[in-house]
Amino acid sequence: MLEILIAEDEPTSAMLLIHMFEPLGRCAVVTDGKKAVSLVDVCMAEGTPFDLICLDIKMPTLDGWDVLRRIREIEQDRGVPAEKQVKVMMTTSRPRGQDDLDSDLESLYQGYLPKPYDLDQLAEMLKEMGIEDAQRVLR
């Protein structure tokens, strides 16, 4: 069972993501960037890191890019090897190719899921990210 963090400030999108990810594990939800960074840090300190983070690019307090940078800094400070780093899926309401995606940070995340969400697309992306039982999201 995976530990999943959903960082999404829009309630309807958050509920959809919870529904989509629940077959894979337990979901925690935060509504702003600072809370996401704080929860990731606390969980790592307690030895219960997240397996997957679904991170909205546009959020209050810190945007998804700043959150992503800080998560990778926390992992580096804690000596987490690259192969053990949390998998991150960025989400946005803007189509791929628009200015939402920061090409300088592409190496820091493993997946991209545009809104509106599509179960088939999510399952394929999770499979590409190496998430076992990715097809469970289709049930």
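The values are calculated or read from the model by the stated rules, or taken from the named source; none is laboratory data. Here the structure is a predicted model, which is why all the values come from computation and not from measurement. Cβ: placed from backbone, ideal geometry, glycine included. Neighbour counts: every protein chain shown.
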Report summary line: Log entry, pairs with first residue in region 13-40 being crowded, with 16+ Cβ neighbours inside 10 Å, second being among the small types (Gly, Ala, Ser), beta carbons closer than 6 Å, six or more apart or on different chains, reads VAL29/ALA14; VAL30/ALA7; VAL30/ALA36; ALA36/ALA7
**Report entry** Close pairs (7 angstrom Cβ cut-off, 6 or more residues apart or separate chains): under 24 Å from THR12 (Cα atoms) in region 100-118, charged (D, E, K, R) and modelled with pLDDT under 85 anywhere
**Finding:** ASP100/ARG94; TYR112/ARG96; PRO114/ARG96
Report task. Would you check which residues across region 49-73 are more than 20 Å from MET129 (Cβ to Cβ) and not charged (D, E, K, R) and list them? Result -> MET59, PRO60, THR61, LEU62
